[in-house]
Amino acid sequence: MKQIALDIGLASGPTFASYLAGPNEAALKHLQLWAGNPTRSPVPTYLWGAAGSGKTHLLRSVREALREQGAGIRVGWLDASVAQPVEFDEGWAAVLLDDVHLYTAVQQHAAFNWFVNAMGSRDGHPLWVLAAGELPPADLTLREDLRTRLGWGHVFQLQALSEPECRAVLRQQADARGVFLGDEVMDFMLTRFSRDLGSLVQLLDLIDGYSLQTQRAITIPLIKLMLNDE
């Protein structure tokens, strides 16, 4: 059965609160500490790990945490879908680089330019650079000057939660909502949707809300009906 990404009109974007860290607690606390006080002297940070370990979730959580501190706060964001990156902006609060292992030559050039400018911006006070990819810096097939800079500071390897851990957390989250999830529903959620646990919990919120709206128990047919209504 083909796995599909959960990209179906979530009520809210990823946040630190919706990221269930498991073995990645150290990385989460590091990002929360910095995002809570972005004026501290920043050291570049790089997250790496397999798909589903929550890299993008954490980068978007940082972006959201910064935005919550003021309507005018902006960040530089670059991922593999941005074909033509914008020029570096001195007004950014941070530079966020996602899926660096997929960058084209144009994106690598922009990422390097952003990195160099971030380290020397604001009258010598650098901006924080947070990047993420599926490989450790030493194994990235990127231009050498960018690859080495990505490994300059803090490097965290993110671990995806095991299936039993995902099931246990989903069961706990469902119980907290007073919702019953049968084993067949759990199987469906874990095989048809992204296994990023934060996304699965948001999916659970959607299903719970749809169940209440339709006054029906949570079943596979109900989930399929909800998806068709999206």
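Quick notes on this one:
- Two-site FRET efficiency, Thr15 against Ile220, from Cβ-Cβ distance with R₀ of 30 Å, rounded to 0.05: 0.60
- A dipole drawn for the chain from +1 and -1 charges on Cβ atoms has a positive end, and of Trp152, Gly133, Phe188 the residue lying farthest that way is Trp152.
- Near Ala80, once Lys and Arg are set to +1 and Asp and Glu to -1 for all other residues with Cβ below 10 Å from its Cβ, the sum equals -3.
- Each peptide among 180-191, 80-91, 199-210 gets the average number of other Cβ atoms lying within 10 Å of its residues, and from highest to lowest they stand as 199-210, 180-191, 80-91.
- For Trp128, residues with placed amide H under 5 Å, excluding near neighbours: Val95
- Value of D in µm² per second that Stokes-Einstein yields for the chain, Kirkwood Rh from Cα pairs, at 20 °C (1.002 mPa s): 113 µm²/s
- This ranking places His57, His125 by how few other beta-carbon atoms lie within 10 Å of each, fewest first, which gives His125, His57.
- About the centre of its Cα atoms, the range 22-157 shows a dipole size close to 240 debye [charges on the beta carbon of Lys, Arg (+1) and Asp, Glu (-1) only; nearest 20 debye].
- Dipole check for the range 163-229: with +1 at the C-beta of Lys and Arg, -1 at the C-beta of Asp and Glu, and the Cα centre as origin, the magnitude is about 120 Debye.
- Amide H to amide H distances under 5 Å link Asp79 with Asp98, where only residues 5 or more positions off or on other chains count and H is placed in the peptide plane.
- Residue (of Ala35, Ala94, Ser53) at the positive-pole extreme of the chain, dipole from beta-carbon charges: Ala35
- Simple point charges give the picture: +1 on the Cβ of Lys and Arg, -1 on the Cβ of Asp and Glu, and for the chain a dipole about the Cα centre of about 200 debye.
- Stokes-Einstein diffusion for the range 22-157 at 20 °C, viscosity 1.002 mPa s, with a Kirkwood radius from C-alpha pairs, works out to 145 µm²/s.
- Per-selection Rg to Rh, the range 163-229 - Cα, Kirkwood hydrodynamic radius: 0.92
- FRET efficiency, Gln213 to Asp183 (Cβ-Cβ, R0 30 Å, nearest 0.05): 0.80
- Counting charges near Leu130 (Lys, Arg +1; Asp, Glu -1) among other residues having Cβ under 12 Å from its Cβ returns a value of +2.
The numbers here are math on the coordinates, done by the rules we state, and not lab data. Keep in mind that this is a model prediction, so the values were computed, not measured. As a convention, Cβ positions derive from the backbone with ideal geometry for all residues, glycine included, and neighbour counts pool all protein chains shown.
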